[in-house]
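Here the structure comes first, spelled out in C-alpha cells, and everything after it is commentary.
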Amino acid sequence: MAEEMNKKIIIIFTLIITQSLYSYEITPDSIYRHIKILASEEFAGRKPGEKGGKLAAEYIRNQFKEIGFTPLVDNYFQHFDVVTEVKASDNNKLRFNNFIGKLKEDYIPISFSANAALKSEVVFVGYGFDIDKKDFKWNDYENIDVKGKWVMLLLGEPEMDKSDSKYADFGTTRTKVITAQDKGAAGILFVAGVNLNKKDELLSLTFDKSESRTEIPVINIRRSIANKILSEKGINIEELEKNLNKNERPESLETGTILYAYTEVFLTKAKTSNVIGMIPGHSNEYIVIGAHYDHLGMGGHGSGSRKPDTIAVHHGADDNASGVAGVIELAKKISANRKKLKTNIIFIAFSAEEMGLLGSMYFVSNPVVDLKKVRAMFNFDMLGRLKSDNTILAGGTGTSEESDSLLDLHLSGRKLKLAKSREGLGPSDHSSFYLNNIPVFFFSTGAHEDYHKPEDDIDKIDLKGEKLILDYIYELVFDIASSDKKLTFTEAGPKKRSIKGRYKVTLGFMPDFASTEKPGVGVGGVTQGSPAEMAGMKKGDRIIAIDGKTVKDIYEYMTRLNQLEPGQVITVDVIRDGEKVVLLIQL
Ligand SMILES: [Zn+2]
C-alpha cells in the first residue's frame, strides 16, 4: 500500500515536472523583470566598455546559465574592442605669421586625421567640390595649384537647409577630404560658414564609426582664424561664402600665408562582449536569435542621443532592453520544449549596436559556428511600444522564398498585424547576417518620440503587447526549428550600406564588410544580371580603383560611386588571387 502510494506520488511529481517543462508561459510580469533591471539607473544606459555595459552582459550571462545553455564561447562572452573616446594630445600645434593657435579654442584636429606635420602655403578652395555631371559642373580646384599645400575649405554645402539639395552627395567631410587628397593637397583646414554654424563652434572630437584615417593632417579652424589667414587678401570667409552661394561657381584663391601645424589624435579603446549561448538540437544546423543589449550610456554629443545636451542615464527600456527580454523569455520557452528541436538555437545579446552594428559584425567575421549552416536569423530591436492598431514591423520578408507565407501562417487568429518590408538590410544587427546570405526576420514596434532620449523608460513599455509579439514569434521560430525543410535565401534590396541612402547607379555587388584586407573594398557577392556580374566581377575580388581613382576603403568607394552617371562605361581595378584584373563596366 505504502509502496503503491510512493509510485503514485512519483508519477504525479513526474507529471507536474513534465507539465511545467512543457508549458513555460511568457507573461507581462516575466518580461517586466528583465527590463526593470536592464533599464535601471544602476545599469546607466549600458554603454559598451563601461560599468553599466558590463553589468548588463553579466545579467544576461546569468540568465543564460540558469536556462542551461551550452556556452559556445569562453564562459558565454565573445570579447571585442570598441573605440570609446577620441583625444587630441597636447602635442597638437598650429601657427602662422606671428600667431600661435590654442588647441580647442582656435582649432581642433578632425577625429580621423592622420598624425602628421605640414608647413606650407594655404590655398582657399571654396567648398572643395569637384562636381562633374552632365547638367552641372563645379570644380573648386580648376586653375589653382594645391599640390603639397594646405587647402582651406568650407564645411557643408550651399543648400544645407534643403532636403533635396543637389550637393548632398558632395557635402560630407569624408568626401571632401578624399577629393582634396586626389588633387594633391597635403593638409586640410576646414572652416564653418555662417550658414552652417552662426556661432562658429569647433567640431567636437567624436568617433565617426570607422577607424579609417586620412594620410594627411585635417584640422577644423575657427572662422576668425581663417580670416586672419586671409587678411592680406582683403577678403573674409563671410564674403566668400556669400559669393559662392550666390554665384554657384569657384572662388578659389591663394592666400599667401605659410602655415605650420602638427596633428596628433588618439583613439581610446575598451573591451566589450557579445553574450552567446546555445540550446542544442538534433542536427548540424542553426537558428540565431539576437538582440542588442547596449544603449547610449549617459548620452552626450556623438553618442547618438537625440538630446545631446542632456547628460543623463539613457535608460533604453524599449531600445533595446525590451528586445533582450524577448530573447531571454523566448529562450526559456524554447528550452522547455527543446526535445522537439531539429536545429540548434543560438541566442546572442549583441554589444555596440548603437556604435554601428559592431557586435553583430564582429560575430559574423568571427563566427563560432559555420554560417552556411545558419537557417535563419531573428533580430529584435524595440518590442515594447506596440502601436494602438497592433501593427509590428517585420523586416527582411524578402530574404527567403518561404518568409512571407510563414509569417502569415502563424499570424492567423492573432490580434497582431504586420507592416512588412522586404529589404534584408536595415538599421539593426540582422543586416550583418543578411550580408552573409542568411535569411533574416527583423521585428520592431518602431521608433517613437522618446527614441534615443533619456525618456525611453520602462513605464511606457506595453508589456501585454510584447507578450503578444513574443508568443507569435515563438510559434514561428519553433516551426522553422523543428522542420526538416530549410529556408531558401533570396536577395532582397541593396546589399550595400549607404551613408546618404541614394544612389543613381549601382554596380550590383555586395561589399564584404568583414574583410580586413587593405586597401580596397572586398566583394562579398555579385548580384545576378547586374553590371558587375556582366563585367565578370567575382566574389572574393578586392576593388582597389574605380575609373583610375583609388578605392582605399568603403568611404572612397561611396565617393567614387556618387560621381558616376547612369550609362557611363567605367573601369574597375580588382585584385583577384594576388593579381590585378581590370574590368569594364557599363552602368
Ligand atoms: Zn536599438
Exercise for the section: Could you tell me which residue of the range 318-374 is farthest from the ligand (Cβ to nearest atom), considering only residues that are assigned to a loop (DSSP other than H, G, I, E, B) and among the acidic types (D, E)? Expected result: D370
Exercise for the section: Inspect the range 379-395 for any residue being among the small types (G, A, S), more than 30 Å from G302 (Cα to Cα) and more than 16 Å from the ligand (Cβ to nearest atom) and give the result as yes or no. Expected result: yes
Handout entry: Filtered residues of the range 65-83 (kept if in a strand (DSSP E or B), at pLDDT 90 or above and crowded, with 17+ Cβ neighbours inside 10 Å)
Key = F77, Q78, F80, V82
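Which of the residues that make up the range 134-172 are exposed (fewer than 14 other Cβ atoms within 10 Å of the Cβ) and either part of a loop (DSSP other than H, G, I, E, B) or of a type in the set (F, W, Y) (or both)?
Scanning the range 134-172 gives K134, D135, F136, E142, N143, D145, K147, G148, D161, K162, S163, D164.
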Practice task
Give the residue that is modelled with the highest pLDDT, with candidates limited to residues of the range 209-246 that are closer than 28 Å to Y557 by Cβ and out of contact with any strand residue (DSSP E or B) (no Cβ under 9 Å at 6 or more places or on another chain).
Solution key: E215
Problem - Residue, nearest to Y59 (Cα to Cα), within the range 296-343, restricted to residues that are surrounded by fewer than 23 Cβ atoms within 10 Å (Cβ to Cβ) and among the polar types (S, T, N, Q) - result: S335
Exercise for the section: Identify the residue in the range 263-284 that is in contact with a His (Cβ under 9 Å, 6 or more places away or on another chain) and either assigned to a loop (DSSP other than H, G, I, E, B) or more than 16 Å from the ligand (Cβ to nearest atom) (or both) and, among all such residues, is nearest to S113 (Cα to Cα). Expected result: K271
Exercise for the section: Would you mention how many residues in the range 116-141 are closer than 30 Å to S89 by Cβ and not aromatic (F, W, Y)? Expected result: 10
Problem - Those residues of the range 396-409 which are free of Cβ contacts under 8 Å to residues at least 24 places away in the same chain and either charged (D, E, K, R) or within 16 Å of the ligand (Cβ to nearest atom) (or both), in sequence order - result: D404, D408
Handout entry: Close pairs from the range 22-43: first closer than 21 Å to A56 by Cα, partner exposed (fewer than 13 other Cβ atoms within 10 Å of the Cβ) and of a type in the set (D, E), Cβ under 7 Å, at least 6 apart
Key = none
Practice task
Pull up the range 285-295, narrow it to residues that are among the aliphatic types (A, V, I, L, M) and within 16 Å of the ligand (Cβ to nearest atom), then point me to the one that is surrounded by the most Cβ atoms within 10 Å (Cβ to Cβ).
Solution key: A291
Problem - Residues of the range 364-399 satisfying the condition of being touching a strand residue (DSSP E or B) at 6+ places or on another chain (Cβ under 6 Å) and not hydrophobic (A, V, I, L, M, F, W, C) - result: K373, R375, N379, D381, N390, T391, G395, G396, T397, T399
Practice task
Mind counting the residues in the range 184-194 that are over 21 Å from Y260 (Cβ atoms) and surrounded by fewer than 19 Cβ atoms within 10 Å (Cβ to Cβ)?
Solution key: 1
Handout entry: Checklist (1) free of Cβ contacts under 8 Å to residues at least 12 places away in the same chain; (2) part of a loop (DSSP other than H, G, I, E, B) applied to H315, failing item
Key = (1)
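Which one is nearest to the ligand (Cβ to nearest atom) among residues in the range 410-444 that are aliphatic (A, V, I, L, M) and without any contact (Cβ under 8 Å) to a residue 40 or more places away in the chain?
Filtering the range 410-444 for residues that are aliphatic (A, V, I, L, M) and without any contact (Cβ under 8 Å) to a residue 40 or more places away in the chain, the one nearest to the ligand (Cβ to nearest atom) comes out as A419.
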Handout entry: Residue list for the range 384-397, restricted to those being in contact with a helix residue (DSSP H, G or I) (Cβ under 8 Å, 6 or more places away or on another chain) and either surrounded by fewer than 19 Cβ atoms within 10 Å (Cβ to Cβ) or polar (S, T, N, Q) (or both)
Key = N390, T397
Practice task
Only residues that are closer than 28 Å to G187 by Cβ and among the aliphatic types (A, V, I, L, M): list them for the range 70-100, please.
Solution key: V83, V86, A88, L94, I100
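Yes/no matrix, rows are residues, columns are (1) within 25 Å of the chain's Cα centre (by Cα); (2) outside any loop (DSSP other than H, G, I, E, B); (3) at pLDDT below 85; (4) surrounded by fewer than 19 Cβ atoms within 10 Å (Cβ to Cβ):
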site: P454; (1), (2), (3), (4): yes, no, no, no
site: Y472; (1), (2), (3), (4): no, yes, no, no
site: Y503; (1), (2), (3), (4): yes, no, yes, yes
site: A514; (1), (2), (3), (4): yes, no, yes, yes
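The values are calculated or read from the model by the stated rules, or taken from the named source; none is laboratory data. Model, not experiment: these values are computed from the prediction. With ideal geometry, Cβ positions are generated from the backbone for all residues, glycine too; neighbour counts draw on all protein chains shown.
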